[in-house]
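Notes follow the structure.
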Amino acid sequence: MSSTAEFDVVVIGAGAAGVGAGRALAEAGRSFVILEARDRVGGRAWTRDSGLGFPIDLGCEWLHSADINPLVPLARALGVEVDEYGEFWATKWNTAKLGEAAHADLRDSLTDLFSKAAALAAAGGPDVALGDLIASDHRWRPSLEAVCGWMTGGRLDQVSAVDLASFDDTPVNWRLPAGYGALIKTLAQGLPIRLSAPVKCIDWRGKTIAVETARGRVTAERVVVTLPTNVLAGGAVDFQPDLPAEKVAAAGDLPLGADLKLFLAIEGAPFGPPRDHQLHSRFDRVACCHMHVHPFGRPVVTAYFGGDLAGDLEAAGLDAMADFAEGELAFAHGSSVRGTVAPIAASGWLADPWAGGAYSYARPGAAGARALLAAPIEDRLFFAGEATSEGDFATAHGAYRSGLAAAEAAVASLAEGAVPAPTSSVG
Ligand SMILES: Cc1cc2nc3c(=O)[nH]c(=O)nc-3n(C[C@H](O)[C@H](O)[C@H](O)COP(=O)(O)OP(=O)(O)OC[C@H]3O[C@@H](n4cnc5c(N)ncnc54)[C@H](O)[C@@H]3O)c2cc1C
C-alpha cells in the first residue's frame, strides 16, 4: 500500500542542522520540505550588513576545528573564501598585561581545570560541576569564570565537567570574511524551505505524521526536529502525543546559555595592532569581556560577553552594553579610546523566541543528555541540532553534522520500511 503523506521527510528548522539535513535528503533523492519560523535561513548563523561596507556575524563566526571542519571544504567548493590568518589569539597581549609568570600561572590553572575534567570523563565520573574542580578562593577563579561564560554561556557551578571535557576540538580556528551565516545561506540554496512557517504542532499519533504551521499543514513519513533545546523544553511546539519525559528532560538538561556579541565602530584613530587583536579586557573579576579589535583589519571591535553579565547586559540594552564595553576598552587601551567608538549592533539570543539562548551546555550530572536528546523515537521522529552532538556541541559544524546524521538515519528507516506504509492520514 502506498503512502498518503505529502513528503518522505519534514525538517523543522533551517539552521545549520536543518540545512545539513536538507542537503542529505536532496542527495538521497527523497521528497522533503524544511519549515522555518523566521523569515530567513540560518538560525543562530546570522550574517548582517554592518552599514560600514563589511558584514558582521551576530551568531557563529569561527570555523572551529577548521582542519577537520566539514564546512571548510564545502565552502571552498562553492568558491567561498576561508581566512586562515592565525596570529590573533590573546596570548601575547595577556602576557604583556600580566607579566610572564602570572600569565603562565593563569594558563596552567586553566589547563589544570580541564585536565581534571578530562580525568573525570575518562573515569566515567562523577559528573560534577566544573566549578567543583577549582577552589572557591582560587586566585584565577574570576578569570576562569569569565572564560567559562564565553565558552559555555553558563557559570562554573552550572556546567557539567564531564560534558565539557567531551568537547572534541582542534586548536585551528579560521573565519569567513563574508560571514558564517552567509555560508549557511549559500549551502541552503536550492533546498525547499518554507520561511515564516513556525511549527505549532507535530501530531505523530497516526502512521503519517502531521505538522501544523502558521502557514498550513504538511504530512510526512518522518520528521527531523532541529529545534533549539530551550524551544523544545519550553513546550512551544505541541507534540501529540507528548514526547517521552526523558526526551524533554534531556532538552532541559542542555540549556542554551547567555552569550552576547556587541559591535562597535572605531570612528577615531585605530588603536592596538592593526589586525585581529584579541584580548581579555581584565583578569581580576568576572565582569569583563573578550574583545576582538580590528577583525580582518576592519574598523570595528567585537565585544563578547558570557554568563550572567551577558544576560544582564542583553536585558539592559545597547547603550548599557556600549557603555560597559567602552569602559573595558579604556581600561585595556587607555582613556583616549573613550568617545572614539560607537555601537553598530548587538545580538539578543536570550530574548529571541526561536532560540532562547546562545548554545548548549550540560547541567552537572547530565553528561549523558546529548545522546538521549539525539535518540530517534520509533524510527519516525529524528533529532538534530548542535545540542545533540556529543563532541561538536555549541558549534555550527556540529549542528550541520548532526543534521546530516539524522537525515541519513531517517532515509535508512524509510528504505528499511521500519514502519508499515500508512493506511490513512492523520485527521
Ligand atoms: C553569540 C554566538 C556565537 C557563536 N559563535 C560560534 C562560532 O564562532 N563558531 C561556531 O561553530 N558556532 C558558534 N556558535 C554556535 C552556532 O551558532 C550554533 O551552534 C549553530 O548555529 C546551531 O545550529 P542549529 O541548527 O542547531 O540551531 P539553530 O541555528 O538555532 O536552528 C534552529 C532553527 O529552528 C528554527 N525554529 C525555532 N522554533 C521553530 C518553530 N516552532 N518552527 C519552525 N522553526 C523553528 C529557528 O528559527 C532556527 O532557524 C555561536 C552562537 C552564538 C549565539
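Throughout, read-outs are computed from the coordinates displayed, never taken from laboratory work. Here the structure is a predicted model, which means the values were calculated and not measured. No Cβ is skipped: glycine too gets one built from the backbone with ideal geometry, and neighbour counts run over all protein chains shown.
Observations on the model:
- Segment 310-387: trypsin sites (Lys or Arg not before Pro) in DSSP loop, at most 15 other beta carbons within 10 Å: R338
- Net length gained if the chain between Q240 and D105 were fully extended (0.36 nm per residue, minus Cα distance): 43.2 nm
- Antiparallel bridges, percent of DSSP beta bridges restricted to the chain (to nearest 5): 70
- Where a label projected 7 Å from the Cα of A214 along Cα→Cβ would reach, residues of segment 348-387 with amide N under 12 Å: 353-354
- If only the Cβ of Lys and Arg carry +1 and only the Cβ of Asp and Glu carry -1, the dipole of segment 269-402 around its Cα centre is close to 300 debye.
- Isotropic mean projected area of the C-alpha convex hull, the chain (nm²): 20.4
- Compared with the alpha-carbon gap, the fully stretched path from D83 to D312 is longer by 79.1 nm at 0.36 nm per residue.
- Set of lysines with alpha-carbon distance to K247 below 26 Å, sequence-local pairs under 8 removed: K200, K207
- Segment 73-173 - charge dipole about Cα centre, Lys and Arg +1 at Cβ, Asp and Glu -1, debye rounded to 20: 180
- Scanning the chain for GluC sites (Glu not before Pro) that sit in a DSSP loop and have at most 14 other Cβ atoms within 10 Å, the longest stretch containing none of them is 88-266.
- Gyration tensor over the Cα atoms of segment 31-159: the corresponding equivalent ellipsoid has semi-axes (square roots of 5 times the eigenvalues, largest first) of 34, 22, 16 Å.
- Largest first, the extents of the alpha carbon coordinates of segment 267-381 on the three principal axes equal 62, 28, 26 Å.
- Relative to its residue count, segment 104-251 spans a Cα convex hull of 182 Å³ per residue.
- Between the C-alpha center of segment 372-391 and that of segment 129-163 there is a gap of 27 Å.
- Of the trypsin sites (Lys or Arg not before Pro) found in segment 245-331, those in coil by DSSP whose Cβ has at most 15 other Cβ atoms within 10 Å are R275, R285.
- Cα centroid separation - segment 230-294 against segment 202-220, whole Å: 33
- From the largest down, segment 278-342 spans 29, 25, 24 angstrom on the principal axes of its Cα atoms.
- For segment 278-427, with +1 on Lys and Arg beta carbons and -1 on Asp and Glu, the positive-most of Y400, S335, L373 along the dipole: S335
- C-alpha long axis of helix 318-333 to longest principal axis of the chain, angle in °: 40
- Relative contact order, percent, the chain [alpha-carbon distance under 8 Å, six or more residues apart]: 26
- Antiparallel %, DSSP beta bridges [both residues in segment 116-222], to 5: 100
- Assuming charge only on the beta carbon of Lys and Arg (+1) and of Asp and Glu (-1), the dipole of the chain about its Cα centre is about 740 debye to the nearest 20.
- Over the chain, DSSP H runs of length four or greater, each weighted -39,500 (n - 2.57), average out per residue to a 222 nm ellipticity of -10000 deg cm²/dmol.
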